[in-house]
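The structure appears below as structure tokens.
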Amino acid sequence: MKIIAIGRNYAKHIEELENERPDNPVVFLKPDTALIKNNLPFYLPEFSNDVHHEVELVLKINKEGKFIKKEFAHRYFGEIGIGIDFTARDIQQQCKEKGLPWEISKAFNGSAPIGNFLPVSDFKDFADINFHLDINGELKQKGNTSMMLFDFGVIIEYVSQFFTLKKGDLIFTGTPAGVGKVNTGDRLEAYIEDQKLMDFEIK
């Protein structure tokens, strides 16, 4: 399976990192070795001193497809969950300054913890899903899918031009504002609406 991730999909997050607003979804990949499941802890990597949390809604692909039109995109995912796109911000900045790909800052081991998933039947409107991240009991990030620059349909239409989507693939759909550094001992709890779907610690 593969993890497809979307960057710069919430305007306020673009502003906080002083990035340019994209005309199309910004796409990068993570390998399956980035996954952490079952609320296992995340171990801070030795190569970075500035690992940031980025909470995101995650789509789980349920059938194969390519060149998918956005009006049919809903047929290709059966569950929505939540995950963290851990980012080694110092490494990313070094890569960006040199004009290099920044995969090593996003795709390292354990950089994609995922929580539980909910069936799409639980959601009345994909354009109005609330989600948030608490760290040590304090709200750090809060988003709603209405704030996305590119909605689920546009994302699937765009990425499926380049990559055949297969059952079990995951799409991280972008993070809202409020990203920040995580530290040893932090406890991260992630929610869709009022349902906690992820709860793990930083080691």
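Scanning segment 22-50 for residues that are within 27 Å of L149 (Cβ to Cβ), at pLDDT 95 or above and either outside any strand (DSSP E or B) or more than 14 Å from the chain's Cα centre (by Cα) (or both) turns up P31, A34, D50. Figure legend. Inter-residue proximity from segment 82-111: first residues among the aliphatic types (A, V, I, L, M), second residues open to solvent by less than 10 Å² (accessible area, probe 1.4 Å) and part of a helix (DSSP H, G or I), beta-carbon distance below 8 Å, spacing 6+ or different chains. Indicated pairs: A88/S105; I91/S105; A107/A34. In the set G110, G153, G81, G115, which member is part of a loop (DSSP other than H, G, I, E, B) and not hydroxyl-bearing (S, T, Y)? Going through G110, G153, G81, G115 in turn, just one is part of a loop (DSSP other than H, G, I, E, B) and not hydroxyl-bearing (S, T, Y): G110.
Within segment 59-75, at least one residue is open to solvent by less than 30 Å² (accessible area, probe 1.4 Å), in contact with a Gly (Cβ under 9 Å, 6 or more places away or on another chain), assigned to a strand (DSSP E or B) and within 29 Å of K167 (Cβ to Cβ). Do you know which of the residues in segment 90-107 that are in a helix (DSSP H, G or I) and out of contact with any helix residue (DSSP H, G or I) (no Cβ under 7 Å at 6 or more places or on another chain) is farthest from H52 (Cα to Cα)? Once the filter is applied, the top-ranked residue is E97. With respect to the stated conditions, F126 is assigned to a loop (DSSP other than H, G, I, E, B) and either in contact with a His (Cβ under 8 Å, 6 or more places away or on another chain) or surrounded by 20 or more Cβ atoms within 10 Å (Cβ to Cβ) (or both).
The values are calculated or read from the model by the stated rules, or taken from the named source; none is laboratory data. Quick caveat: nothing in here was measured; it's all calculated off a predicted structure. Virtual Cβ from ideal backbone geometry, glycine too; neighbours counted across all protein chains shown. The accessibility values were calculated without ligands, DNA or RNA, using every heavy atom of the protein model including side chains. Shrake-Rupley method; radii C 1.70, N 1.55, O 1.52, S 1.80 Å.
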